[in-house]
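Input: a single structure, listed below in structure tokens.
Please treat every number below as a calculation from the coordinates, not as lab data. Note that the structure is predicted; figures quoted are calculated from it, not measured. Neighbour counts run over all protein chains shown; Cβ positions are idealised from the backbone, glycine included.
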Amino acid sequence: MTLGQLIEELGGSLTQGNADAHIEGVNSAPQAGPTDLVFAEDADSAAEALTGNAAAVVLRPNTPISNPFEKGIIESPNPRLWFARAAKLLKPAPAPTSIHPSAVVDPSAQLGRNVLIEAGAVIGADVHIGDACHIYPRVVLYPGTTLGNRVVIHAGAVLGADGFGYVRDSATGSYTQFPQQGTLVLEDDVEIGANTTIDRGALAETRIRRGTKIDNLVHIGHNCDIGEDVVIAALTGISGSSSVGKGAIIAGQVGIGDHAHVGPGVIIGGQAGVLSGKTVTNDGLKPGTVLWGTPARPLKQVLRELAILARQAKSRTRPE
């Protein structure tokens with residue numbers, strides 16, 4: 001594509017350079033070649049980018065620059081986002097429908113257009129896969145799982161397995177599995193990381209809503225509802241019948257108990273915990289407030305509590 005075509009698709013403005021310059025891909029500033037695009041978010045990174053080999057640089061408006069090599073300059077309020085969207089446009093077109101010979105696809109599964117299923121994947125009975133989905137090696141989709149369009153499932157993920165639900169006989173101490181016969185639905189543009197597991201519903205459904213991105217090694221239990229455009233980082237565990245609201249951000253190693261609820265836009269910091277049955281929201285908090293600790297609460301509050309404890313501990317250890 002040319003710079004002009006990218007700008008026509010993505011917006012922004014070409015303030016220097018040739019709109020007909022050909023761009024083949026994106027790269028970091030040190031590794032960029034003469035047909036690559038790079039981005040910079042401040043004056044220092046812009047200076048590095050403009051002295052490298054890239055064909056063009058995406059910058060914030062009014063970034064102070066010196067452009068001795070007359071590279072293409074695109075101005076955008078969010079260079080990182082413009083760069084990421086350009087990378088998608090410059091990526092080669094998806095392969096036509098292709099199923100690796102070692103993949104196992106049940107005859108009753110329904111596949112959309114331009115679906116790519118890689119080596120060793122197992123697609124169970126009555127699975128529905130939408131258009132332009134990419135299933136990486138060794139993924140397992142249990143029977144009845146539904147994927148929307150443009151869903152990406154990375155290697156080793158297991159979707160739609162039975163939830164961890166058992167009923168205990170108090171007389172004998174033995175456990176009997178509660179029925180695990182619901183479904184799992186992933187809506188459009190969801191991405192699931194490697195070796196992540198998501199259980200189907202017990203009697204109803206587990207649902208991952210449009211645009212949500214889930215990292216590697218995450219577990220989501222049965223009957224959960226994860227809202228649109230949620231981001232969940234690695235090693236997080238969400239117990240059954242919990243919900244996460246639209247636009248929430250959950251950092252790594254967060255633990256969320258069963259029947260807990262995380263409100264829209266909530267940010268939970270790494271290793272925090274939400275106790276079973278509890279609800280955390282942004283009510284009364286400034287936008288962007290990070291919740292931390294167990295139980296999760298505003299980070300500034302946690303730091304004040306820790307400071308008080310530290311002072312008390314120090315005063316108790318002073319010699320008399």
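Straight-line cross-link reach from Lys300 at under 17 Å between alpha-carbon atoms covers these lysines, not counting any fewer than eight positions away in the same chain: Lys286. For the pair Leu90 and Ser276, the difference between a 0.36 nm per residue extended length and the Cα-Cα distance amounts to 62.5 nm. Taking amide H as placed 1.01 Å from N in the peptide plane, the amide H of Phe178 sits under 5 Å from that of Gly165, Tyr166, Val167, each at least 5 places away or on another chain. Judged by the ratio a/c of the largest to the smallest principal axis of the C-alpha gyration tensor, the range 99-143 counts as oblate, that ratio being 1.5 or greater while a/b is no larger than b/c. The modelled label-to-label distance between Glu8 and Leu303, using points 7 Å beyond Cα along the C-beta direction, is 4.9 nm. Between Ala204 and Glu70, what FRET efficiency follows from the Cβ-Cβ distance if R0 is 45 Å, with the result rounded to 0.05? Step by step, r from the Cβ atoms, then E = 0.15.
Here the simple spin-label model places points 7 Å from the Cα toward Cβ, and for Met1 and Ser315 these points are separated by 6.2 nm.
Annotation: lysines with alpha-carbon distance below 16 angstrom to Lys246 (same-chain offsets under eight excluded): Lys213. In terms of the Cα gyration tensor, with a ≥ b ≥ c the square roots of its eigenvalues, is the range 188-258 rounded because a/c is under 1.5, prolate because a/b exceeds b/c, or oblate? Because its axes are fairly even, with a/c under 1.5, the range 188-258 counts as rounded.
Rounded to the nearest 5, what % of the DSSP beta bridges within the range 157-301 are antiparallel ones? The antiparallel fraction comes to roughly 15 percent. Sparse packing (at most 12 other Cβ atoms within 10 Å of the Cβ) combined with a DSSP loop state is found for the following trypsin sites (Lys or Arg not before Pro) in the range 112-202: Arg113. What separates the Cα centres of the range 129-204 and the range 65-91 is a distance of 39 Å.
Over the range 157-301, the Kirkwood radius and the radius of gyration, each from Cα atoms, give a ratio Rg/Rh of 1.00.
Computing FRET efficiency as 1/(1 + (r/R0)^6) for Val231 and Leu285, where r is the C-beta to C-beta distance and R0 is 22 Å, gives about 0.70. Entry note, the range 3-90: relative contact order of 31 percent, from Cα contacts under 8 Å with a spacing of 6+ residues. Peptides 37-48, 225-236 ordered by packing proxy, namely the average of other Cβ atoms within 10 Å per residue, highest first: 225-236, 37-48.
For the chain, the share of DSSP beta bridges that are antiparallel, to the nearest 5, is 15%.
For the chain, the relative contact order is 7 percent, taking Cα pairs closer than 8 Å that sit 6 or more residues apart in sequence and dividing their mean separation by the residue count. What is the range 3-90 by shape, rounded, prolate or oblate, if you read a ≥ b ≥ c off the alpha carbon gyration tensor as root eigenvalues and call it rounded for a/c under 1.5, prolate for a/b larger than b/c, and oblate otherwise? Because its axes are fairly even, with a/c under 1.5, the range 3-90 counts as rounded.
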